[in-house]
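Engineer: Here it is: the structure, laid out below.
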Amino acid sequence: MPTAIVSILYYIVLLAWSLAYFVFMLLLFLLTAAFDRERKALHGASRFWARSIFFLNPLWRLRVEGKEYVDPKGTYVVTVNHQSMADIPLMYVLPRINFKWVAKSGVYRWPLFGVVLWLHGDITVDEKGSVRKALGFMNKGLEHLRRGTSVIIFPEGSRSRDGEVHNFKEGAFLLAREAGVPVLPCVIDGAKTFIKGWRVRCNTFTVRITPAVPARQVEAMPVRGLLAAVRERTVSELASIRSETKTGKER
């Protein structure tokens, strides 16, 4: 079947499904928000919806590696490279842990998607914000971490235009150190190659979870050293994913 027809059918099905599921999520929010402070029920519903985005498309394959490195009772600052907006639903494949996103305020203006993030109570960061706003992000992050909810941050701060890993900022590592929790480095690939223009393409999305940096090591290492080590691992694992994908295509 031509990709143009697949694309049109996919968009129609995804829109209808998402609108219907959005109504369900609104009802779930109204029923649970008063006693579910960390939005665990809503997070579980969002995990199902996010996975459906990828499973509804016959041209896409979703590969998740390293689930064994996630302790369901653990609390983490999760870092992940940033390739596109698809990164956000992709990270809902993380098994068994509740988490909050740290996202730029502009994301919340996206139709439907932004409302879902707001329902979750995710953490907003103003890219051009003041020191006071930056401290607000740290305080909110610490509140969630101390209640056992993990926090996901794009340490690059913005999307990579070329799909490569760029310089990391310190916020994620300062937060982990202050909260006394491990850093869980994750790596995404395939989030820039799934679409060309408006047409969807054959694509494999990969999410690779790597072993956590223990809390004691986070505390012992200088922040810049921790940042450099996590970035180096991210670069190395991204190269490994691409090498394996290329090898698989050649077979």
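The values are calculated or read from the model by the stated rules, or taken from the named source; none is laboratory data. Fair warning: this is a prediction, and the values are worked out from it, not measured in the lab. FYI the Cβ positions are ideal-geometry reconstructions off the backbone, even for glycines, and counts take in every protein chain you see. Just so you know, the surface numbers come from the protein's heavy atoms only, side chains and all, with ligands and any DNA or RNA stripped out. Shrake-Rupley method; radii C 1.70, N 1.55, O 1.52, S 1.80 Å.
Engineer: Quick one: in the stretch 68-80, which of the residues that are open to solvent by less than 10 Å² (accessible area, probe 1.4 Å) and over 9 Å from the mean Cα position of the chain (by Cα) is nearest to Ala45 (Cα to Cα)?
Structural biologist: Top of the filtered list is Val70.
To keep it simple, each residue is scored yes or no on (1) without any contact (Cβ under 8 Å) to a residue 12 or more places away in the chain; (2) out of contact with any helix residue (DSSP H, G or I) (no Cβ under 9 Å at 6 or more places or on another chain); (3) in a helix (DSSP H, G or I); (4) closer than 20 Å to Leu90 by Cβ.
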residue	(1), (2), (3), (4)
Ile8	yes, yes, yes, no
Leu27	yes, yes, yes, no
Leu31	yes, no, yes, no
Asp36	yes, no, no, no
Ala45	no, no, yes, yes
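Engineer: Taking the condition in a helix (DSSP H, G or I), charged (D, E, K, R), more than 29 Å from Glu219 (Cα to Cα) and open to solvent by less than 70 Å² (accessible area, probe 1.4 Å), does Arg63 pass?
Structural biologist: So Arg63 fails the test.
Engineer: Tell me, yes or no, whether the stretch 220-240 has at least one residue that is over 17 Å from the mean Cα position of the chain (by Cα) and buried (at least 20 other Cβ atoms within 10 Å of the Cβ).
Structural biologist: Yes, there is a match, as at least one residue in the stretch 220-240 is over 17 Å from the mean Cα position of the chain (by Cα) and buried (at least 20 other Cβ atoms within 10 Å of the Cβ).
Engineer: Got a sec? Which of Thr193, Thr247, Thr210 is β-branched (Val, Ile, Thr), touching a strand residue (DSSP E or B) at 6+ places or on another chain (Cβ under 8 Å), modelled with pLDDT under 95 and surrounded by fewer than 22 Cβ atoms within 10 Å (Cβ to Cβ)?
Structural biologist: Thr193
Engineer: Return the residues of the stretch 68-86 that are modelled with pLDDT under 90 and within 14 Å of Ala176 (Cα to Cα); say none if nothing qualifies.
Structural biologist: Answer for the stretch 68-86, where residues must be modelled with pLDDT under 90 and within 14 Å of Ala176 (Cα to Cα): there is none.
This table checks each residue for (1) open to solvent by less than 60 Å² (accessible area, probe 1.4 Å); (2) out of contact with any strand residue (DSSP E or B) (no Cβ under 7 Å at 6 or more places or on another chain); (3) not hydrophobic (A, V, I, L, M, F, W, C).
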{"residue": "Ala45", "(1), (2), (3)": "yes, yes, no"}
{"residue": "Arg51", "(1), (2), (3)": "no, yes, yes"}
{"residue": "Tyr92", "(1), (2), (3)": "yes, yes, yes"}
{"residue": "Val107", "(1), (2), (3)": "yes, yes, no"}
{"residue": "Leu142", "(1), (2), (3)": "yes, yes, no"}
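Engineer: Limited to the stretch 87-130, what total is found for residues that are among the polar types (S, T, N, Q) and in contact with a Phe, Trp or Tyr (Cβ under 9 Å, 6 or more places away or on another chain)?
Structural biologist: The total comes to 1.
Engineer: Can you name every residue in the stretch 241-251 that is β-branched (Val, Ile, Thr) and within 22 Å of the chain's Cα centre (by Cα)?
Structural biologist: Ile241, Thr245
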